[in-house]
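The values are calculated or read from the model by the stated rules, or taken from the named source; none is laboratory data. Since we're looking at a predicted model, the values are computed, not measured. Here the Cβ is made from the backbone with ideal geometry for all residues, glycine too, and neighbour counts use every protein chain on show.
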Amino acid sequence: MFIDHFALGMRIPKENMDIGPKGCMEKLLSGLTRYNISGLGLSGGWVEDVYVIVIMGGSLSFMRNVYRRILANEDFCALLCKDRPFIENNRLARMPELESFGMVDENGAFLGGNCCFGLTVR
């Protein structure tokens with residue numbers, strides 16, 4: 001997977017995917033605002049039996065802020081794998097390409113992706 005700048009991957013096990021990819025994205029985005037992720041790209045897809053969501057394209061300090069916001073989102077964190085819930089840059093670079101959901105613009109809309117389930121960021 002090509003990584004532009006810094007990235008953060010999140011792992012969700014198959015047994016927590018009863019709400020589907022759209023439900024997972026809704027829970028993730030519920031804890032973020034467009035100001036937190038404007039200009040970042042999102043991707044997602046299945047890697048073996050784990051659904052992976054990747055947020056990428058920010059500076060280190062910007063991505064640390066995103067990480068803190070995600071950790072504060074208890075509903076989303078409850079979905080994550082108990083063992084190694086997050087994936088860092090070097091491991092993401094060795095992963096297969098995931099479906100691009102696009103980049104979040106300043107209005108919270110996703111631009112240029114294949115699909116993001118019609119979601120926007122508040």
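From the residues in segment 1-21 that are among the aliphatic types (A, V, I, L, M) and surrounded by 14 or more Cβ atoms within 10 Å (Cβ to Cβ), which one is farthest from residue 89 (Cα to Cα)?
Checked segment 1-21; the qualifying residue farthest from residue 89 (Cα to Cα) is 17.
Filter segment 5-45 for residues that are over 14 Å from residue 65 (Cα atoms), of a type in the set (Lys, Arg) and assigned to a helix (DSSP H, G or I); which is modelled with the lowest pLDDT? Out of the qualifying residues, it is 22. The conditions of being among the small types (Gly, Ala, Ser) and more than 20 Å from residue 15 (Cβ to Cβ) are met by residue 39.
Note on segment 64-82: residues that are part of a loop (DSSP other than H, G, I, E, B) and either touching a strand residue (DSSP E or B) at 6+ places or on another chain (Cβ under 9 Å) or more than 22 Å from residue 17 (Cβ to Cβ) (or both) amount to 4.
Here residue 107 does not qualify as assigned to a helix (DSSP H, G or I) and either of a type in the set (S, T, N, Q) or modelled with pLDDT of 90 or more (or both).
Does residue 61 meet the test of being within 16 Å of residue 5 (Cβ to Cβ), assigned to a strand (DSSP E or B) and of a type in the set (Ser, Thr, Tyr)? The answer is no for residue 61. Scanning segment 22-55 for residues that are among the hydroxyl-bearing types (Ser, Thr, Tyr), surrounded by fewer than 18 Cβ atoms within 10 Å (Cβ to Cβ) and touching a residue at least 12 places away in the same chain (Cβ under 8 Å) yields 30, 33, 38.
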